[in-house]
Structures are given as C-alpha cells and as structure tokens.
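Structure first, then comments.
The values are calculated or read from the model by the stated rules, or taken from the named source; none is laboratory data. Note that this is a predicted model, so its numbers are computed, not measured. All Cβ positions, glycine included, derive from the backbone under ideal geometry; neighbour counts span all protein chains shown. Remember, those area values only see protein heavy atoms, side chains included, never the ligands or the DNA or RNA. Shrake-Rupley method; radii C 1.70, N 1.55, O 1.52, S 1.80 Å.
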Amino acid sequence: MANYPADYVVFHQVPPTRADGDGTRHWHARGQNFVVAYLESGSSGVRLQRTQPDEWMLLLPEADARARITVDGAGQGGGQGLGGRAVAEAHGETLSVIPAGAADVQIGGGPAVAIFSSLAADLCELAVNAGSYVAEHDNVVRSASPTCRLLPALQGKALPPG
C-alpha cells in the first residue's frame, strides 16, 4: 500500500477560491471523502443554496454567528425525511446537520464552516488542494456502505448532553 503525506490548508495563507462583491470570501479544501468550505460573510451575509444527495454540516464557530436554514424535501437521500419544507434558526457555537435534498442557508454575523461529502464534485474541484486527490489514496479506507446508519438504539433519540 502506498503512503501519502498529510494534506493541510491554512485558509488565510492562500487566496480565496471565490470573492463576492459584498466582501464575502470563500475558501475550499478537501480530503479524499469530504470537502470543507470556510466562509467569511460580507456586508449582506453568505447565502448557500445547495441540492445535495446526502447530508452535510454547518459549523458556526463564533458566538455572534447565525444562520437561517430552509430545507425542502428533507430526507431524499433515503433517510427518514421531514417531507415538505422546514425552517430552523441556528446560533453561534453550534453544529447543524442539513439533510439531503434542497437547502437554502443564509449566514451572517461571523464565519462559517460547511462540510460536504466528496459527492459535492463542484466544490471538490474548487479546492485549493484538488490536485492532491486526482487519484484516490489507497490508504484511505472506503466505507462498505455509501451511507452511515444510526445505531438502532439511538434512532429517534436525542443524545445526552456533555
């Protein structure tokens, strides 16, 4: 098995992969099975409109950050979906899991980190380190199943705090 070096990106040490007219800046980096988008909102905030075949995560690391998350057709990836439309407000220092399907996320008040699977091919191509993953690294284990399943004992239950 081949051995591959670690890959890392320090976002503020490379130019943004996208800059919007209002000052919003986007950086993208990836691993073999995922892509990370680091977003700094400009004067009008950041709007993410995505249709994903699987769930993704939104991390709001700073206390003043906020997001309005609207999902349509949640659960299209085969999980237990809400059906229809759902709206949630997320506040700083939180991690939100956005279900498969169409999502419209408005972010403001601080930076945000969005984490997608490598099924987000358009974002993988934007990654500043995309060249590192032209070929799969054979030392990264692939899941036997395309999606992770919740342990039966945890389905439908909230995790305890702490």
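Distant-in-sequence amide contacts of T17, defined by a placed amide H-H separation under 5 Å and a gap of 5 or more residues or a different chain, comprise H26, W27, H28. E40 sits among other residues whose Cβ lies under 12 Å from its own Cβ, and their net charge, with Lys and Arg +1 and Asp and Glu -1, is -1. Ordering T24, T51 by accessible surface, largest first, gives T51, T24; the 1.4 Å probe counts only protein heavy atoms, with every chain in place.
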